[in-house]
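The values are calculated or read from the model by the stated rules, or taken from the named source; none is laboratory data. Everything numeric in this text was worked out from a predicted model, so none of it was measured. Every residue, glycine as well, gets a Cβ built from its backbone with ideal geometry; the counts of neighbours run over all protein chains shown. The area values use the complete protein model at the heavy-atom level, side chains included, leaving out ligands, DNA and RNA. Shrake-Rupley method; radii C 1.70, N 1.55, O 1.52, S 1.80 Å.
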Amino acid sequence: MYELSSNFLFIAFICYIVATFFFGGSLKTNDNGPNRWGTIGITVTLIGFLSQITYFILRWIAAGHAPVSNLFEFITFFGMMLIFAFIMIYFMYRLNIIGLFALPLSIIIIAYASVFPHEIKPLVPSLKSYWLHIHVTTAALGEAILAISFITGLIYLIKNIDQKVSTKKTFWLEAVLYFLVTVVGFVVISTAFTASGYEAKYNWINKDKVQEEMVYNLPSLVGPHKGELTTKDRFEALAEMPAMVNAKKLNTVIWSVFAGAALYAIIRLILRKRIGAFLQPFVQKVDSELLDEIGYRAVAIGFPVFTLGGLIFAMIWAQIAWTKFWSWDPKEDWALITWLFYAVFLHLRFKRNWQGEKSAWLAVLGFAIIMFNLIAVNLIIAGLHSYA
């Protein structure tokens, strides 16, 4: 059952790649309406989405619980919800250009998920609740809908920011694109080391002063608290982390930065221009006002969904599992920060008439907060939500 479900995920991944090319081809004809390329693109996307749903159901059956209990499962589900949100937006607006950006983003997210352990493991006691699929799936759906505002905001900025001169705007836009390249770079380097069978083991002392074993699949630039390398002929850590920091996951982030920088440098050498400048000609036909409208509506829909899943359902479950609805856990804190940010976003939109470029920058920043919560908080800071 497990192997079969993985095959369906692979089929979905391939379908999303193929669909991306068709949405790219649609730009040669008419971006603001249905055409043969766009029709094929959305058809292949639907096939991929149905394949991923099948994967999700089969893994649920094999695991005996909703497959959203670790980073691999949650990030994969988040990628699926992003595709779902895109499909809904597509049939509302028939805007092919969104597919050209939404599908690659989902591909990057699913590829990123693949570097984490795939094995199905028994749930820890606090996760054995029907609130697992209620809280986590709703929060992921809300974040996926909010991600659509990031996509439309990014397209808006790529189209409207003058790439002929270097400014703060071009710098920060390029920084956003660099982050996406960083994730791709990490996937590439992590896959390479995994394929080579690289493994380094440490004995270390956790925050409860208990000795444990930590296994690295990337060379250890930073080591665990009071760590002792037990694998011969492996790279010794350059620095030791305190017990409250997950050294292995921090090591992952550091490698991501290095790999991303290398890949970005290669891309710049090939393009001989900023990535934003390279993409700008592809988005010139799209209506800026329509992008702004879609971005706003994505936040208007995604915000209440995230409020339910990320805060209300989370607090109910926390009260049941830990006898208190709020623990000031890092994950909880950043969920609250995310909620407050989008509340401010809507306030500025309604009361201050922040539209167009200002709204686009807010949408990009909001998604950066979501990604920080998903990646940095999960990978570096140990807390009650450190299940992966």
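Figure note: 297, 272, 234, 36 ranked by solvent-accessible area, largest first, 1.4 Å probe, ligands and nucleic acids not counted: 272, 36, 297, 234.
The packing ranking of peptides 114-121, 41-48, highest mean first, is 41-48, 114-121, where packing means the average number of other beta carbon atoms within 10 angstrom of each residue. Taking amide H atoms as placed 1.01 Å from N in the peptide plane, the amide H of residue 220 lies under 5 Å from those of 235, each 5 or more residues away in sequence or on another chain. Pairs of Cα atoms nearer than 8 Å and 6+ residues apart set the relative contact order; for the chain it is 19 percent.
Scanning the chain for DSSP H helices at least 30 Å long along the axis (C-alpha atoms) with a Kyte-Doolittle mean no lower than 0.0 picks out 2-26, 36-63, 71-93, 131-160, 168-196, 247-271, 330-351.
Counting pairs of alpha carbon atoms under 8 Å apart in space and at least six apart in sequence, what relative contact order in percent does the range 35-104 give? The partial results should precede the final answer.
Values: 26 pairs, mean separation 19.3, N = 70.
Rounded, it is 28 percent for the range 35-104.
Can you pull out the chymotrypsin sites (Phe, Trp or Tyr not before Pro) in the range 63-142 that DSSP calls coil and that have at most 13 other Cβ atoms within 10 Å? Spell out each step's value before the answer.
Values: sites: 72, 74, 77, 78, 84, 86, 90, 91, 93, 101, 112, 130, 131; in loops: 130.
Answer by residue number: 130.
By accessible area of protein heavy atoms, probe 1.4 Å, what ranking do 324, 331, 201 get, highest first?
Numbers: 324 105, 331 45, 201 70 Å².
Reading off the accessible areas and sorting them downward yields 324, 201, 331.
For the range 52-86 and the range 276-330, write down the distance between their C-alpha centroids in whole Å. Rounded to whole Å, the Cα centres lie 18 Å apart.
Taking 230, 182, 252 as the candidate residues, the one with maximal mean-square fluctuation in a Gaussian network model of the chain, Cα springs under 10 Å, is 230. The charge dipole of the range 152-249, taken about the Cα centre with unit charges on the Cβ atoms of Lys, Arg (+1) and Asp, Glu (-1), comes to about 400 debye, rounded to the nearest 20.
Taking the helices alone, the chain has a mean residue ellipticity at 222 nm of -22000 deg cm²/dmol, built from -39,500 (n - 2.57) per DSSP H run of at least 4 residues and averaged over all its residues.
Would you please put 237-250, 15-28, 258-271 in order of how densely packed they are, using the mean number of other Cβ atoms within 10 angstrom per residue and starting with the highest?
Details: 237-250: 17.0, 15-28: 19.9, 258-271: 15.1.
Descending packing order for the listed peptides: 15-28, 237-250, 258-271.
For the range 102-256, rounded, prolate or oblate, judged on the Cα gyration tensor with a ≥ b ≥ c (square roots of eigenvalues), a/c < 1.5 rounded, else prolate if a/b > b/c? It is oblate, given that a/c is not under 1.5 and a/b is not larger than b/c.
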